[in-house]
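First comes the structure, then the notes that go with it.
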Amino acid sequence: MALHKKLLELQKAVTGLLKDAQGNAGAYVSGNKILSIVRPKMDELGLILVPEVLEASFTRQDYAVKSGQKSEMFCALKIKFTWIDTDTGEKQECLWASSGMNGFDKGYGSALTYGERYFLLKYFHIQTDKDDVDAPKTPEQEMTVQNAIAYINGLKTAQDMQAAWQYYSQFAIGKDKDFIKAYNKHMKELNDAANGHN
């Protein structure tokens, strides 16, 4: 499968995500949530996303707060994200800009995290202003214990299982005793298979 077709399959896997984190500017979709959905599909398709910082600039920002003065570091980055198809070696480069402001030792990291999060959201046109429409196998609109169990029983790796657990644990379904039992059973099966046990 060509790289652009794999990226289309990845885009089909998620069209919308509910905002799950709160910041000073309001609610937003966290990087952890995006990666919990996108990363397993990347692994399945054999895709790697490589970030490379091309330019970085740092500016000290001093401003007043209730307790007096505060200083932070504003960091602006020019980033090149490169999609790599591990099956063919085919690559696609994408230039991106990002910025972040935080304590002096954290501004750079904030800009990197912000850049990755919004690159994935915008590259795949993921909506964040409506209900989740996550992986086609697990749309929240049809979320039931039976569907969740059927989904996890179809997973092939412990890593995918952990991502599914992180996803379902956000909802009541993650506390359902039948779901937990099925999850533990299939995880044991995968671990036994990986360790060569019958």
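We did not get these values from a lab; they are worked out from the coordinates using the rules stated. Remember, it's a predicted structure, so these values are computed and weren't measured experimentally. Every residue, glycine as well, gets a Cβ built from its backbone with ideal geometry; the counts of neighbours run over all protein chains shown.
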Quick one: Cα centre-to-centre distance for region 145-185 and region 43-90, in angstrom? 32 Å
Report the Cα-based extents of region 3-123 along its three principal axes, largest first, to the nearest Å. 55, 31, 18
In the neighborhood of Cys75, defined by Cβ-to-Cβ distances under 12 Å, what is the net charge if each Lys or Arg adds +1 and each Asp or Glu adds -1? 0
Gln11 neighbourhood, Cβ < 12 Å, K/R = +1, D/E = -1, net charge +4
What number of lysine-lysine pairs in region 140-194 show an alpha-carbon separation below 17 angstrom, given a sequence spacing of 8 or more or placement on distinct chains? 5
Rounded to 0.05, the calculated FRET efficiency for the beta carbons of Val65 and Lys106 at R₀ = 22 Å is 0.85
Going through the cross-link list Lys12/Lys80; Lys5/Lys41; Lys41/Lys122; Lys33/Lys78, which pairs have a Cα-Cα distance over 19 Å in this structure? Lys12/Lys80; Lys33/Lys78
Vicinal HN-Hα couplings computed from phi for region 162-179 (Karplus, 6.51 cos²θ - 1.76 cosθ + 1.60; Hz; Gly/Pro x): 5, 5, 5, 4, 4, 5, 5, 5, 6, 10, 4, 4, x, 9, 5, 5, 5, 5
Extension gain, Leu8 back to Thr128 (0.36 nm per residue minus Cα-Cα distance, nm): 41.3 nm
What is the spin-label model distance, in nm, from Asp178 to Cys94 if the labels are put 7 Å beyond Cα along the C-beta direction? 3.9 nm
